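Following: one structure in structure tokens, then a few remarks.
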Amino acid sequence: MNRRDQIVATIETITALPPVAVQMIPLLQNPDASLKDITQRLSHDPGLTANTLRLANCSMHAARQPIVQVGDAIKRLGTRRVLGLIIGSSVAPIARTRVKGYDLAEGELWRHAVAVAIGTEELAAVLGVCAPPHAFTAGLLADIGKVVLGTFLAVDAQRITTRAFDNGIPFDQAEREVLGIDHAEVGAMLMAHWKLPADIVDVVRWHHLPDQCASDRSVVGLVHVADHICALSGIGAGVDGLNYQPSRQVLEDLKVSTDTIERTLCGLMERLEHAEALLAAPAGSA
Amino acid sequence: MVGGAETITHTESLTRRVVGISQMAVSTDPGELLVTYSLGSCVGVTIYDPQARVGGLVHCLLPLSRQEPEKAKKNPAMFTDSGVVALIQGVLDAGASRENLHVKVAGGASPLDTCGRFKIGERNVTVLRKVLWKNDLMLAAEDVGGTQPRTLSLYMDRGRCTVRTAGQEVDL
């Protein structure tokens with residue numbers, strides 16, 4: 001069994017999502033599911049209920065009157081945002097761990113994940129385009145493959161870094177040359193194993209190689225650029241740092257200029273001050 | 001002390017003061033260690049007067065304050081042009097002398113960008129040089145560019161400055 005096959009085999013052994021997420025993820029993707037079904041299932045989890053109400057009442061989504069019923073909160077947020085909340089709070093405990101192989105201290109990968117998610121929305125706002133609800137979730141999950149490689153498989157990224165710097169190649173290309181797979185593909189395989197929606201899996205898979213994405217490229221392009229903008233900020237930077245290649249095609253397609261990047265970076269830092277607290281609560285807690 | 005929220009940790013004999021992104025700190029306490037993490041394309045600038053033992057550190061995100069004048073007014077440390085001027089003024093106000101100032105910089109990294117739109121790091125360093133030139137100051141040391149993030153520290157007892165990159169710490 002070569003290194004790639006070993007890695008792929010490990011992905012299937014990784015802990016499943018919490019039971020409530022396993023139930024809710026297919027339900028929230030089923031167009032025939034009723035609000036009553038969704039509300040009933042979600043109400044069984046006090047932590048998720050509290051987080052849903054909190055998100056529905058935060059300034060971005062808030063109505064004039066505070067929302068106190070979880071059903072009303074789901075209606076206000078929409079099923080895609082609730083799905084994002086469930087995925088985010090389920091993945092957070094895994095993403096918060098120290099990723100030794102990639103030199104990421106405890107909490108650093110999660111800080112980067114939150115920054116990419118918010119950066120994706122901020123970039124869309126600066127560009128004046130509409131980011132679909134799954135863009136945030138996809139941004140949050142983009143680098144989850146690093147946890148699999150750096151923690152579950154104890155890959156030492158030093159070899160990858162040396163190869164990248166010695167040959168002047170992007171870090172993800174060095175991963176493919178050393179391991180036979182990169183963290184984006186590993187992350188996408190984990191997301192597919194967890195039965196997350198295909199549009200999210202596609203963004204995770206192609207966020208470093210957006211030109212190769214065969215499906216809709218609009219969200220993968222936003223996440224790709226947001227990931228680079230977050231790397232500039234240094235938030236959650238590991239051994240790979242800024243050693244990636246932005247896609248010229250995506251920058252052209254989205255009309256991203258230096259001014260766009262600077263304005264996004266500025267807005268992102270402001271929004272991060274408020275948003276990290278919102279995303280900090282562990283799954284199952286208020 | 002100048003700047004926003006900071007983490008202060010007491011380690012053995014030193015008090016570590018963490019300077020966050022878009023923050024600045026000025027110190028006259030020889031028992032302090034000023035440190036800033038996560039320098040990507042941002043620049044971390046230290047200024048130290050070894051005679052007065054006064055120094056400071058600023059972590060600037062973007063090159064020019066005209067990008068967001070309102071934000072620059074509220075927090076000059078966010079931008080290299082306004083942040084470095086604020087740091088110079090801060091150390092002078094705290095008792096440093098202009099002729100004794102040692103200025104060092106780390107950061108200014110960029111991705112492997114072939115189209116130039118992500119060169120914020122290079123622009124941060126260029127703006128820093130212009131600001132120093134206008135203020136008749138020269139860089140005593142620099143560790144800038146490349147693709148790796150850095151951590152910059154300033155020891156307030158003697159002005160020792162270190163840069164940590166990928167687990168390796170060296171004197172600047």
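Rounded to the nearest 20, the Cβ-based charge dipole of chain B about its Cα centre (Lys and Arg +1, Asp and Glu -1) stands at 440 debye.
Secondary structure note: in the protein assembly as shown, about 80% of the DSSP beta bridges are antiparallel. Of the residues A:Thr120, A:Val82, B:Val85, the one whose Cα sits farthest toward the positive end of the charge dipole of the protein assembly as shown, with +1 on the Cβ of Lys and Arg and -1 on the Cβ of Asp and Glu, is A:Val82.
For segment A:62-85 versus segment A:194-268, the inter-centroid distance based on Cα atoms is 28 Å. The Cα-based radius of gyration and maximum Cα-Cα distance (Dmax) for chain A are 18.5, 59 Å. Label segment A:77-130 by shape, choosing from rounded, prolate and oblate, from the square roots a ≥ b ≥ c of the eigenvalues of the Cα gyration tensor; if a/c is under 1.5 it is rounded, and otherwise prolate applies when a/b is larger than b/c, oblate when it is not. It comes out oblate by the Cα gyration axes. Site pair A:Cys58 and A:Glu273 shows an inter-label distance of 1.6 nm when each label is modelled 7 Å from Cα along Cα→Cβ. With both labels modelled 7 Å from their Cα along Cα-to-Cβ, the B:Thr126 to A:Val68 distance reads 5.9 nm.
For the protein assembly as shown, a crude dipole built from +1 on the beta carbon of Lys and Arg and -1 on the beta carbon of Asp and Glu, taken about the Cα centre, is about 640 debye to the nearest 20. Ordering B:Cys115, B:Ala140, B:Asn75 by Cα displacement along the dipole of segment B:65-160 toward the positive end leaves B:Cys115 in first place; charges were set at the Cβ atoms of Lys, Arg (+1) and Asp, Glu (-1).
Quick check: from the Cα gyration tensor, does segment A:194-282 come out rounded (a/c under 1.5), prolate or oblate? Taking the square roots of the gyration eigenvalues as a ≥ b ≥ c, segment A:194-282 is oblate.
Rank the residues A:Cys266, A:Cys58, B:Cys161, B:Cys60 as a footprinting-exposure proxy: fewest other Cβ atoms within 10 Å of their Cβ go first. Before the final figure, lay out the partial values.
On the way: A:Cys266 19, A:Cys58 12, B:Cys161 24, B:Cys60 32.
The fewest-first ordering by Cβ neighbours comes to A:Cys58, A:Cys266, B:Cys161, B:Cys60.
Is the C-alpha gyration tensor of segment B:32-172 telling us rounded, prolate or oblate? Criteria: a/c under 1.5 is rounded; beyond that, a/b larger than b/c is prolate, otherwise oblate. Note, shape of segment B:32-172 comes out oblate. Dividing the summed helix terms, -39500 (n - 2.57) for each DSSP H run of n ≥ 4, by the number of residues in the protein assembly as shown produces a 222 nm estimate of -14500 deg cm²/dmol to the nearest 500.
Exposure proxy ranking for A:Asp240, B:Asp29, A:Asp37, A:Asp45, based on other Cβ atoms within 10 angstrom of each Cβ and starting from the fewest, stands as A:Asp37, B:Asp29, A:Asp45, A:Asp240.
Could you tell me what percent of the DSSP beta bridges with both partners in chain B are antiparallel, to the nearest 5? Spell out each step's value before the answer.
Details: 34 of 44 bridges.
Rounded to the nearest five, the antiparallel share is 75 percent.
Placing unit charges on each Cβ (+1 for Lys and Arg, -1 for Asp and Glu) gives segment A:1-90 a dipole about its Cα centre, and among A:Val20, A:Met1, A:Leu48 the Cα reaching farthest toward its positive end belongs to A:Leu48.
Summary of the geometry: segment A:16-49 and segment B:46-122, compared by the centres of their Cα atoms, lie 49 Å apart. Comparing B:Ala77, B:Ala96, B:Ala141 in a Gaussian network model of chain B where C-alpha atoms under 10 Å apart are linked, the largest mean-square fluctuation is found at B:Ala141.
Working from label points 7 Å from Cα in the Cα-to-Cβ sense, the B:Ala52 to A:Arg248 distance is 5.0 nm.
No lab work stands behind these numbers, since they all come straight from the coordinates. Bear in mind that the values here come from a model prediction, so they are computed numbers and not experimental data. All Cβ positions, even for glycine, are placed from backbone atoms using ideal geometry, and neighbour counts span all protein chains on display.
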